[in-house]
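One structure is given here, and the rest of the page talks about it.
The values are calculated or read from the model by the stated rules, or taken from the named source; none is laboratory data. It should be emphasised that the depicted structure is a prediction, and the values quoted were computed from it without experimental measurement. Quick reminder, even Gly has a Cβ in these numbers, built from the backbone with ideal geometry, and neighbours come from all protein chains shown. The accessibility values were calculated without ligands, DNA or RNA, using every heavy atom of the protein model including side chains. Shrake-Rupley method; radii C 1.70, N 1.55, O 1.52, S 1.80 Å.
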Amino acid sequence: MTLFEKDGSPDLSRRVFLRGTGGGLMLGSGLGLIGSAFAQGGGGGPVRELPPSQPTGPPIPEMEREMPIEPGRRLGWAVVGLGKFALNQILPSFGESRSSKLVALVSGNRQKAEQVAPRYGVETHNLYDYQSFDRIADNPEVDVVYVILPNALHAEYTVRAFKAGKHVFCEKPMAVTVEECETMIRAGREAGRKLMVAYRAQFEPHNVEAIRRVREGEIGALHLVTSDHGRILDPKDPADQWRMVKSLAGGGSLYDIGIYSLQAARYLTGEEPVEVFGQIVNKKDDPRFREVEDRMAFQVRFPSGAIANLSSSYSTSSVKRIQAFGEKGSLILDAATEYESNKLTLRTEKGRQEVKMKEQSQFAAEMDHFSQSVIDNREPKTPGEEGLRDIRIMQAIYRSAQEGKPIALDATGSLR
Ligand code: NDP
(Lines give C-alpha, C1' and ligand atoms only; values in the text may rest on other atoms or scores of the structure.)
Protein backbone atom coordinates (compact mmCIF):
# COMPACT_ATOMS: atom_id res chain seq x y z
CA MET A 1 0.00 0.00 0.00
CA THR A 2 1.40 3.41 -0.89
CA LEU A 3 1.28 6.51 1.20
CA PHE A 4 -1.78 7.62 -0.77
CA GLU A 5 -3.87 4.56 -0.22
CA LYS A 6 -6.28 3.73 2.51
CA ASP A 7 -7.81 0.30 2.36
CA GLY A 8 -6.20 -0.25 -1.06
CA SER A 9 -7.78 2.79 -2.76
CA PRO A 10 -6.28 6.26 -3.34
CA ASP A 11 -6.83 8.48 -0.33
CA LEU A 12 -7.62 11.94 -1.65
CA SER A 13 -8.85 13.27 1.67
CA ARG A 14 -5.76 12.77 3.81
CA ARG A 15 -3.37 15.70 3.78
CA VAL A 16 0.01 14.06 3.33
CA PHE A 17 3.17 16.09 2.91
CA LEU A 18 6.63 15.14 1.92
CA ARG A 19 9.07 16.17 4.59
CA GLY A 20 12.79 16.61 4.31
CA THR A 21 14.73 16.22 1.14
CA GLY A 22 14.94 12.50 0.80
CA GLY A 23 11.32 11.54 0.72
CA GLY A 24 12.05 9.22 -2.17
CA LEU A 25 8.48 9.32 -3.35
CA MET A 26 7.87 9.56 -7.07
CA LEU A 27 4.46 10.56 -8.27
CA GLY A 28 3.60 8.55 -11.30
CA SER A 29 1.68 9.71 -14.33
CA GLY A 30 -1.95 10.31 -13.57
CA LEU A 31 -1.27 11.67 -10.07
CA GLY A 32 -0.28 15.16 -11.15
CA LEU A 33 -3.44 16.74 -9.83
CA ILE A 34 -3.14 15.02 -6.49
CA GLY A 35 0.52 15.99 -6.36
CA SER A 36 -0.10 19.68 -6.86
CA ALA A 37 -2.81 19.68 -4.21
CA PHE A 38 -0.35 18.20 -1.75
CA ALA A 39 2.37 20.64 -2.66
CA GLN A 40 0.13 23.52 -1.63
CA GLY A 41 -0.71 22.09 1.77
CA GLY A 42 0.37 23.44 5.15
CA GLY A 43 1.60 21.43 8.12
CA GLY A 44 4.82 21.37 10.07
CA GLY A 45 8.27 21.21 8.52
CA PRO A 46 9.62 22.33 5.15
CA VAL A 47 7.49 21.37 2.14
CA ARG A 48 9.24 20.00 -0.89
CA GLU A 49 7.89 20.93 -4.32
CA LEU A 50 6.72 17.86 -6.17
CA PRO A 51 8.01 17.31 -9.70
CA PRO A 52 5.83 18.98 -12.37
CA SER A 53 2.73 17.02 -13.19
CA GLN A 54 3.07 14.53 -15.99
CA PRO A 55 0.78 14.70 -19.00
CA THR A 56 -1.78 11.95 -19.20
CA GLY A 57 -1.88 11.72 -22.99
CA PRO A 58 0.08 12.73 -26.06
CA PRO A 59 0.95 16.43 -26.34
CA ILE A 60 -0.89 18.79 -28.72
CA PRO A 61 -0.42 17.35 -32.21
CA GLU A 62 1.08 19.30 -35.10
CA MET A 63 -1.64 21.86 -35.83
CA GLU A 64 -2.89 22.29 -39.38
CA ARG A 65 -4.59 25.56 -38.51
CA GLU A 66 -4.08 28.06 -35.76
CA MET A 67 -6.13 27.52 -32.62
CA PRO A 68 -8.49 30.31 -31.60
CA ILE A 69 -7.30 32.75 -28.99
CA GLU A 70 -8.91 32.44 -25.56
CA PRO A 71 -12.61 33.43 -25.54
CA GLY A 72 -11.91 36.28 -23.11
CA ARG A 73 -9.51 37.90 -25.59
CA ARG A 74 -11.73 37.47 -28.70
CA LEU A 75 -13.66 40.55 -29.76
CA GLY A 76 -17.43 40.42 -29.31
CA TRP A 77 -19.47 40.95 -32.47
CA ALA A 78 -23.10 42.03 -32.89
CA VAL A 79 -24.72 41.08 -36.21
CA VAL A 80 -27.36 43.53 -37.47
CA GLY A 81 -29.95 42.01 -39.82
CA LEU A 82 -30.75 38.30 -39.78
CA GLY A 83 -31.26 37.76 -43.49
CA LYS A 84 -30.19 35.17 -46.03
CA PHE A 85 -26.51 36.05 -46.06
CA ALA A 86 -26.20 36.55 -42.29
CA LEU A 87 -27.89 33.28 -41.40
CA ASN A 88 -26.42 31.07 -44.14
CA GLN A 89 -22.85 32.33 -44.28
CA ILE A 90 -21.85 34.68 -41.48
CA LEU A 91 -23.27 33.20 -38.29
CA PRO A 92 -21.89 29.71 -39.04
CA SER A 93 -18.48 31.22 -39.87
CA PHE A 94 -17.95 32.42 -36.30
CA GLY A 95 -17.30 28.75 -35.56
CA GLU A 96 -14.14 28.95 -37.69
CA SER A 97 -13.01 32.28 -36.36
CA ARG A 98 -9.91 32.76 -34.17
CA SER A 99 -10.38 36.18 -32.73
CA SER A 100 -14.07 37.06 -33.18
CA LYS A 101 -17.04 35.70 -31.27
CA LEU A 102 -20.75 36.30 -31.82
CA VAL A 103 -22.30 37.88 -28.73
CA ALA A 104 -25.35 39.88 -29.88
CA LEU A 105 -28.03 39.99 -32.57
CA VAL A 106 -30.09 42.89 -33.91
CA SER A 107 -33.29 42.08 -35.76
CA GLY A 108 -36.71 43.53 -36.50
CA ASN A 109 -38.16 40.07 -35.99
CA ARG A 110 -37.96 39.10 -32.31
CA GLN A 111 -39.27 35.60 -32.88
CA LYS A 112 -36.55 34.90 -35.45
CA ALA A 113 -33.87 36.35 -33.18
CA GLU A 114 -35.04 34.17 -30.28
CA GLN A 115 -34.99 31.10 -32.51
CA VAL A 116 -31.47 31.81 -33.77
CA ALA A 117 -29.82 33.07 -30.57
CA PRO A 118 -29.60 29.81 -28.56
CA ARG A 119 -28.10 27.97 -31.57
CA TYR A 120 -25.12 30.30 -31.37
CA GLY A 121 -24.97 30.74 -27.62
CA VAL A 122 -26.22 34.34 -27.77
CA GLU A 123 -27.94 35.31 -24.54
CA THR A 124 -31.45 36.78 -24.55
CA HIS A 125 -30.29 40.00 -22.89
CA ASN A 126 -28.05 40.56 -25.94
CA LEU A 127 -30.94 40.68 -28.43
CA TYR A 128 -31.85 44.10 -29.83
CA ASP A 129 -34.27 45.49 -32.38
CA TYR A 130 -33.83 48.61 -34.50
CA GLN A 131 -35.39 50.85 -31.84
CA SER A 132 -33.35 49.52 -28.92
CA PHE A 133 -30.15 49.27 -31.03
CA ASP A 134 -28.54 52.39 -29.53
CA ARG A 135 -28.56 50.74 -26.09
CA ILE A 136 -25.74 48.58 -27.41
CA ALA A 137 -23.56 51.48 -26.17
CA ASP A 138 -24.08 50.13 -22.63
CA ASN A 139 -23.04 46.61 -23.58
CA PRO A 140 -19.32 46.06 -22.93
CA GLU A 141 -19.51 42.58 -24.46
CA VAL A 142 -19.95 44.14 -27.93
CA ASP A 143 -16.80 45.53 -29.58
CA VAL A 144 -17.77 45.30 -33.26
CA VAL A 145 -21.09 45.84 -35.07
CA TYR A 146 -21.47 43.94 -38.37
CA VAL A 147 -24.05 45.65 -40.62
CA ILE A 148 -25.78 43.13 -42.96
CA LEU A 149 -28.82 45.19 -43.92
CA PRO A 150 -30.18 46.36 -47.29
CA ASN A 151 -27.63 48.76 -48.81
CA ALA A 152 -29.58 51.96 -48.07
CA LEU A 153 -29.48 51.20 -44.33
CA HIS A 154 -25.71 50.69 -44.08
CA ALA A 155 -24.92 54.36 -43.45
CA GLU A 156 -27.53 54.88 -40.72
CA TYR A 157 -26.52 51.80 -38.70
CA THR A 158 -22.82 52.46 -39.15
CA VAL A 159 -23.17 55.98 -37.80
CA ARG A 160 -25.37 54.81 -34.91
CA ALA A 161 -22.86 52.07 -34.06
CA PHE A 162 -20.01 54.60 -34.02
CA LYS A 163 -22.10 56.84 -31.75
CA ALA A 164 -22.45 53.83 -29.46
CA GLY A 165 -18.64 53.62 -29.36
CA LYS A 166 -18.36 50.40 -31.40
CA HIS A 167 -16.12 49.49 -34.35
CA VAL A 168 -17.99 48.76 -37.60
CA PHE A 169 -17.68 46.02 -40.19
CA CYS A 170 -20.05 46.83 -43.06
CA GLU A 171 -21.29 44.74 -45.96
CA LYS A 172 -20.69 45.75 -49.57
CA PRO A 173 -21.63 48.00 -51.25
CA MET A 174 -20.56 50.33 -48.45
CA ALA A 175 -23.56 52.63 -48.96
CA VAL A 176 -25.71 54.12 -51.70
CA THR A 177 -24.07 57.51 -52.26
CA VAL A 178 -20.61 59.03 -52.03
CA GLU A 179 -21.92 61.45 -49.39
CA GLU A 180 -23.13 58.58 -47.19
CA CYS A 181 -19.71 56.91 -47.42
CA GLU A 182 -18.00 60.15 -46.45
CA THR A 183 -20.35 60.56 -43.48
CA MET A 184 -19.58 57.02 -42.32
CA ILE A 185 -15.81 57.58 -42.55
CA ARG A 186 -16.11 60.89 -40.69
CA ALA A 187 -18.27 59.34 -37.95
CA GLY A 188 -15.65 56.62 -37.42
CA ARG A 189 -12.86 59.17 -37.15
CA GLU A 190 -14.81 61.31 -34.70
CA ALA A 191 -15.56 58.27 -32.55
CA GLY A 192 -11.95 57.06 -32.76
CA ARG A 193 -13.25 53.71 -34.03
CA LYS A 194 -12.37 51.55 -37.05
CA LEU A 195 -14.42 50.88 -40.18
CA MET A 196 -13.95 48.05 -42.65
CA VAL A 197 -15.97 47.07 -45.72
CA ALA A 198 -16.58 43.34 -46.11
CA TYR A 199 -14.73 42.59 -49.33
CA ARG A 200 -14.51 38.85 -48.76
CA ALA A 201 -12.85 38.10 -52.14
CA GLN A 202 -9.72 39.86 -50.91
CA PHE A 203 -9.50 37.15 -48.22
CA GLU A 204 -10.48 34.22 -50.44
CA PRO A 205 -7.41 31.97 -50.89
CA HIS A 206 -7.62 31.60 -54.72
CA ASN A 207 -8.05 35.33 -55.26
CA VAL A 208 -5.22 36.08 -52.83
CA GLU A 209 -3.00 33.63 -54.72
CA ALA A 210 -3.97 35.11 -58.10
CA ILE A 211 -3.00 38.59 -56.87
CA ARG A 212 0.32 37.24 -55.59
CA ARG A 213 1.14 35.55 -58.89
CA VAL A 214 0.29 38.61 -60.94
CA ARG A 215 2.41 40.81 -58.65
CA GLU A 216 5.33 38.37 -58.94
CA GLY A 217 5.16 38.65 -62.73
CA GLU A 218 4.16 35.07 -63.53
CA ILE A 219 1.96 36.20 -66.41
CA GLY A 220 4.13 39.19 -67.33
CA ALA A 221 2.85 42.74 -67.62
CA LEU A 222 -0.89 42.67 -67.05
CA HIS A 223 -2.76 44.12 -70.04
CA LEU A 224 -6.35 42.96 -69.77
CA VAL A 225 -8.76 41.87 -67.05
CA THR A 226 -12.18 40.51 -67.79
CA SER A 227 -14.76 39.69 -65.16
CA ASP A 228 -18.42 38.76 -65.29
CA HIS A 229 -20.86 38.38 -62.43
CA GLY A 230 -24.40 37.39 -63.18
CA ARG A 231 -27.41 35.62 -61.73
CA ILE A 232 -31.17 35.57 -62.08
CA LEU A 233 -32.95 38.06 -59.83
CA ASP A 234 -35.86 36.18 -58.30
CA PRO A 235 -38.85 38.31 -57.22
CA LYS A 236 -40.16 35.41 -55.10
CA ASP A 237 -37.00 35.42 -52.93
CA PRO A 238 -37.44 37.85 -50.00
CA ALA A 239 -33.72 38.66 -50.23
CA ASP A 240 -34.25 39.85 -53.82
CA GLN A 241 -37.35 41.94 -53.13
CA TRP A 242 -35.52 44.94 -51.67
CA ARG A 243 -32.93 44.57 -54.46
CA MET A 244 -35.64 45.64 -56.95
CA VAL A 245 -36.35 48.84 -54.97
CA LYS A 246 -33.95 51.69 -55.73
CA SER A 247 -34.47 53.44 -52.39
CA LEU A 248 -33.25 50.30 -50.56
CA ALA A 249 -30.70 48.88 -53.01
CA GLY A 250 -29.24 52.09 -54.42
CA GLY A 251 -28.61 50.40 -57.76
CA GLY A 252 -29.12 47.14 -59.60
CA SER A 253 -26.71 44.41 -60.68
CA LEU A 254 -23.72 46.79 -60.74
CA TYR A 255 -24.03 47.70 -57.05
CA ASP A 256 -24.86 44.16 -55.98
CA ILE A 257 -22.48 41.94 -57.97
CA GLY A 258 -20.79 44.13 -60.60
CA ILE A 259 -18.83 45.41 -57.61
CA TYR A 260 -16.98 42.04 -57.58
CA SER A 261 -15.96 42.56 -61.23
CA LEU A 262 -14.77 46.09 -60.45
CA GLN A 263 -12.90 44.96 -57.33
CA ALA A 264 -11.17 42.22 -59.36
CA ALA A 265 -9.93 44.74 -61.91
CA ARG A 266 -8.63 46.98 -59.12
CA TYR A 267 -6.96 44.31 -56.98
CA LEU A 268 -5.41 42.42 -59.88
CA THR A 269 -3.93 45.51 -61.56
CA GLY A 270 -3.17 47.16 -58.21
CA GLU A 271 -4.09 50.42 -59.97
CA GLU A 272 -6.91 52.95 -59.82
CA PRO A 273 -9.06 53.73 -62.88
CA VAL A 274 -8.47 56.87 -64.91
CA GLU A 275 -11.50 56.40 -67.19
CA VAL A 276 -14.73 54.40 -67.21
CA PHE A 277 -17.37 53.70 -69.82
CA GLY A 278 -20.67 51.96 -69.06
CA GLN A 279 -23.74 50.70 -70.87
CA ILE A 280 -27.03 49.59 -69.34
CA VAL A 281 -29.47 47.19 -70.95
CA ASN A 282 -32.91 46.59 -69.43
CA LYS A 283 -35.51 44.32 -70.97
CA LYS A 284 -38.54 46.45 -71.68
CA ASP A 285 -41.61 45.66 -69.53
CA ASP A 286 -39.75 43.37 -67.10
CA PRO A 287 -41.26 44.41 -63.73
CA ARG A 288 -38.02 43.49 -61.95
CA PHE A 289 -36.19 46.33 -63.65
CA ARG A 290 -38.59 49.23 -63.24
CA GLU A 291 -36.28 50.89 -60.70
CA VAL A 292 -32.86 49.22 -60.94
CA GLU A 293 -30.72 48.11 -63.86
CA ASP A 294 -30.53 44.56 -65.14
CA ARG A 295 -27.37 44.24 -67.26
CA MET A 296 -24.33 46.43 -67.31
CA ALA A 297 -21.25 46.21 -69.48
CA PHE A 298 -18.47 48.50 -68.38
CA GLN A 299 -14.88 49.21 -69.26
CA VAL A 300 -12.25 50.58 -66.96
CA ARG A 301 -8.90 51.99 -68.12
CA PHE A 302 -5.86 52.13 -65.81
CA PRO A 303 -2.81 54.42 -65.85
CA SER A 304 -0.46 51.65 -67.06
CA GLY A 305 -2.66 51.16 -70.12
CA ALA A 306 -4.25 47.99 -68.72
CA ILE A 307 -7.95 47.81 -69.48
CA ALA A 308 -10.77 45.83 -67.90
CA ASN A 309 -13.84 44.57 -69.70
CA LEU A 310 -16.40 43.94 -67.00
CA SER A 311 -20.05 43.03 -66.65
CA SER A 312 -22.88 42.37 -64.25
CA SER A 313 -26.29 40.89 -64.91
CA TYR A 314 -29.53 40.07 -63.11
CA SER A 315 -30.95 38.09 -66.03
CA THR A 316 -28.32 35.50 -66.98
CA SER A 317 -27.58 32.16 -65.39
CA SER A 318 -24.93 32.17 -62.69
CA VAL A 319 -21.46 33.37 -63.63
CA LYS A 320 -18.70 34.47 -61.24
CA ARG A 321 -15.56 34.61 -63.37
CA ILE A 322 -12.36 36.64 -63.38
CA GLN A 323 -9.59 36.43 -66.01
CA ALA A 324 -6.27 38.23 -66.23
CA PHE A 325 -4.20 38.31 -69.43
CA GLY A 326 -0.54 39.31 -69.38
CA GLU A 327 2.33 39.38 -71.88
CA LYS A 328 3.59 35.94 -70.79
CA GLY A 329 0.44 34.13 -69.73
CA SER A 330 -3.00 34.31 -68.23
CA LEU A 331 -4.97 33.16 -65.24
CA ILE A 332 -8.58 32.25 -64.82
CA LEU A 333 -10.61 32.19 -61.63
CA ASP A 334 -13.77 30.27 -62.45
CA ALA A 335 -15.57 30.19 -60.18
CA ALA A 336 -13.92 33.25 -58.65
CA THR A 337 -16.29 34.50 -55.97
CA GLU A 338 -18.32 31.51 -54.81
CA TYR A 339 -18.58 31.08 -51.05
CA GLU A 340 -16.39 27.97 -51.41
CA SER A 341 -14.79 25.68 -54.06
CA ASN A 342 -13.36 28.43 -56.27
CA LYS A 343 -10.80 27.44 -58.90
CA LEU A 344 -7.62 29.06 -60.16
CA THR A 345 -6.00 28.00 -63.44
CA LEU A 346 -2.72 29.42 -64.68
CA ARG A 347 -1.52 29.32 -68.30
CA THR A 348 2.10 30.20 -69.03
CA GLU A 349 4.78 28.99 -71.46
CA LYS A 350 5.29 26.09 -68.99
CA GLY A 351 1.75 24.94 -69.72
CA ARG A 352 -1.55 24.82 -67.91
CA GLN A 353 -1.59 24.44 -64.16
CA GLU A 354 -4.49 24.15 -61.79
CA VAL A 355 -3.46 25.89 -58.58
CA LYS A 356 -4.77 24.01 -55.57
CA MET A 357 -5.40 26.08 -52.50
CA LYS A 358 -6.43 24.89 -49.06
CA GLU A 359 -10.08 25.72 -48.41
CA GLN A 360 -10.38 28.32 -45.69
CA SER A 361 -13.41 30.35 -44.73
CA GLN A 362 -13.12 33.76 -46.37
CA PHE A 363 -15.76 35.03 -43.95
CA ALA A 364 -13.89 33.97 -40.83
CA ALA A 365 -10.69 35.34 -42.39
CA GLU A 366 -12.11 38.80 -43.07
CA MET A 367 -13.78 39.02 -39.65
CA ASP A 368 -10.60 37.92 -37.89
CA HIS A 369 -8.57 40.38 -39.92
CA PHE A 370 -10.81 43.15 -38.62
CA SER A 371 -10.75 41.93 -35.01
CA GLN A 372 -6.96 41.72 -35.18
CA SER A 373 -6.76 45.22 -36.71
CA VAL A 374 -8.76 46.51 -33.76
CA ILE A 375 -6.68 44.57 -31.22
CA ASP A 376 -3.41 45.78 -32.78
CA ASN A 377 -4.76 49.27 -33.57
CA ARG A 378 -3.85 48.83 -37.27
CA GLU A 379 -5.65 50.11 -40.38
CA PRO A 380 -7.68 47.21 -41.86
CA LYS A 381 -6.98 46.03 -45.42
CA THR A 382 -10.29 47.30 -46.85
CA PRO A 383 -11.18 50.42 -44.82
CA GLY A 384 -14.04 52.83 -45.53
CA GLU A 385 -11.91 54.63 -48.11
CA GLU A 386 -11.83 51.43 -50.22
CA GLY A 387 -15.63 51.20 -50.16
CA LEU A 388 -15.97 54.91 -50.96
CA ARG A 389 -13.71 54.54 -53.98
CA ASP A 390 -15.90 51.79 -55.44
CA ILE A 391 -19.04 53.88 -54.93
CA ARG A 392 -17.36 56.84 -56.69
CA ILE A 393 -16.30 54.66 -59.62
CA MET A 394 -19.74 52.98 -59.91
CA GLN A 395 -21.45 56.39 -59.83
CA ALA A 396 -19.18 57.44 -62.70
CA ILE A 397 -20.09 54.27 -64.60
CA TYR A 398 -23.81 55.07 -64.22
CA ARG A 399 -23.18 58.61 -65.38
CA SER A 400 -21.21 57.39 -68.37
CA ALA A 401 -24.11 55.10 -69.31
CA GLN A 402 -26.55 58.00 -69.00
CA GLU A 403 -24.43 60.37 -71.04
CA GLY A 404 -23.29 57.74 -73.53
CA LYS A 405 -19.62 58.70 -73.28
CA PRO A 406 -16.49 57.77 -71.29
CA ILE A 407 -15.91 59.60 -68.00
CA ALA A 408 -12.43 60.56 -66.79
CA LEU A 409 -11.57 60.09 -63.10
CA ASP A 410 -8.94 61.75 -60.93
CA ALA A 411 -6.62 59.99 -58.47
CA THR A 412 -9.36 59.75 -55.81
CA GLY A 413 -11.86 58.18 -58.20
CA SER A 414 -13.85 61.44 -58.44
CA LEU A 415 -14.99 62.89 -61.77
CA ARG A 416 -12.30 65.07 -63.31
P1 NDP B 1 -31.74 39.80 -46.87
O2 NDP B 1 -32.94 40.52 -47.36
O3 NDP B 1 -31.78 38.33 -46.85
O4 NDP B 1 -31.37 40.30 -45.41
C5 NDP B 1 -31.48 41.64 -45.02
C6 NDP B 1 -32.02 41.69 -43.60
O7 NDP B 1 -32.05 43.05 -43.21
C8 NDP B 1 -33.46 41.22 -43.45
O9 NDP B 1 -33.56 39.84 -43.27
C10 NDP B 1 -33.91 41.98 -42.22
O11 NDP B 1 -33.43 41.29 -41.08
C12 NDP B 1 -33.11 43.27 -42.28
N13 NDP B 1 -33.90 44.42 -42.73
C14 NDP B 1 -34.07 45.56 -42.02
N15 NDP B 1 -34.84 46.42 -42.69
C16 NDP B 1 -35.17 45.83 -43.86
C17 NDP B 1 -35.96 46.24 -44.96
N18 NDP B 1 -36.54 47.46 -45.01
N19 NDP B 1 -36.13 45.38 -45.97
C20 NDP B 1 -35.55 44.17 -45.94
N21 NDP B 1 -34.77 43.74 -44.93
C22 NDP B 1 -34.58 44.56 -43.88
O23 NDP B 1 -30.52 40.32 -47.76
P24 NDP B 1 -29.07 39.71 -47.91
O25 NDP B 1 -28.72 38.96 -46.70
O26 NDP B 1 -28.95 39.03 -49.20
O27 NDP B 1 -28.18 41.06 -48.03
C28 NDP B 1 -27.92 41.88 -46.93
C29 NDP B 1 -26.61 42.67 -47.19
O30 NDP B 1 -25.54 41.78 -47.32
C31 NDP B 1 -26.61 43.51 -48.45
O32 NDP B 1 -25.92 44.70 -48.25
C33 NDP B 1 -25.86 42.67 -49.45
O34 NDP B 1 -25.20 43.42 -50.45
C35 NDP B 1 -24.87 41.98 -48.55
N36 NDP B 1 -24.47 40.66 -49.07
C37 NDP B 1 -23.15 40.40 -49.19
C38 NDP B 1 -22.72 39.22 -49.70
C39 NDP B 1 -21.27 38.92 -49.76
O40 NDP B 1 -20.91 37.91 -50.33
N41 NDP B 1 -20.42 39.74 -49.18
C42 NDP B 1 -23.66 38.19 -50.16
C43 NDP B 1 -25.05 38.55 -49.96
C44 NDP B 1 -25.41 39.75 -49.45
P45 NDP B 1 -34.29 41.19 -39.74
O46 NDP B 1 -35.57 40.51 -40.11
O47 NDP B 1 -33.44 40.39 -38.84
O48 NDP B 1 -34.51 42.60 -39.26
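Data table
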| quantity | calculated |
| --- | --- |
| Qualifying positions in the range 187-198 - open to solvent by 10 Å² or more (accessible area, probe 1.4 Å) and in contact (Cβ under 8 Å) with a residue 60 or more places away in the chain | LYS194, LEU195 |
| Any pair with Cβ under 6 angstrom, 6 or more apart, that starts in the range 264-275 at a residue that is free of Cβ contacts under 8 Å to residues at least 24 places away in the same chain and ends at one that is open to solvent by less than 20 Å² (accessible area, probe 1.4 Å) | none |
| Subset of the range 105-117 that is more than 23 Å from the chain's Cα centre (by Cα) and assigned to a helix (DSSP H, G or I) - its residue that is nearest to ALA161 (Cα to Cα) | ARG110 |
| The range 99-108, subset open to solvent by less than 60 Å² (accessible area, probe 1.4 Å) and more than 11 Å from the ligand (Cβ to nearest atom), residue nearest to ASP376 (Cα to Cα) | SER99 |
| Matching option when the condition is over 30 Å from LYS328 (Cα atoms) and either of a type outside the set (A, V, I, L, M, F, W, C) or at pLDDT 95 or above (or both), among GLU379, GLU354 | GLU379 |
| Lone unmet requirement of (1) under 29 Å from ALA201 (Cα atoms); (2) touching a helix residue (DSSP H, G or I) at 6+ places or on another chain (Cβ under 8 Å); (3) open to solvent by less than 30 Å² (accessible area, probe 1.4 Å); (4) in a helix (DSSP H, G or I) for ARG160 | (3) |
| Residue within the range 293-314 that is of a type in the set (Val, Ile, Thr), buried (at least 22 other Cβ atoms within 10 Å of the Cβ), within 16 Å of the ligand (Cβ to nearest atom) and under 19 Å from PRO273 (Cβ atoms) present | no |
| Criterion violated by ALA175 - all others in (1) surrounded by fewer than 18 Cβ atoms within 10 Å (Cβ to Cβ); (2) closer than 30 Å to LEU415 by Cβ; (3) within 11 Å of the ligand (Cβ to nearest atom) satisfied | (1) |
| Qualifying positions in the range 315-328 - open to solvent by 30 Å² or more (accessible area, probe 1.4 Å), out of contact with any Phe, Trp or Tyr (no Cβ under 9 Å at 6 or more places or on another chain) and not aromatic (Phe, Trp, Tyr) | THR316, SER317, SER318, VAL319, ARG321, GLN323, GLU327, LYS328 |
| Single condition TYR146 does not satisfy, out of (1) assigned to a helix (DSSP H, G or I); (2) among the aromatic types (Phe, Trp, Tyr); (3) more than 9 Å from the ligand (Cβ to nearest atom); (4) touching a residue at least 40 places away in the same chain (Cβ under 8 Å) | (1) |
| From the options LEU82, LEU91, residue that is in a helix (DSSP H, G or I), within 13 Å of the ligand (Cβ to nearest atom) and under 20 Å from the mean Cα position of the chain (by Cα) | LEU91 |
| Contacts under 8 angstrom Cβ, first residue in the range 110-130 being polar (S, T, N, Q), partner away from the ligand (no atom under 12 Å from the Cβ) and open to solvent by 20 Å² or more (accessible area, probe 1.4 Å), 6 or more apart | ASN126/GLU141 |
| Residue within the range 265-273 that is basic (Lys, Arg) and open to solvent by less than 20 Å² (accessible area, probe 1.4 Å) present | yes |
| Of all residues making up the range 373-416, the number that are closer than 30 Å to ARG98 by Cα and surrounded by 13 or more Cβ atoms within 10 Å (Cβ to Cβ) | 14 |
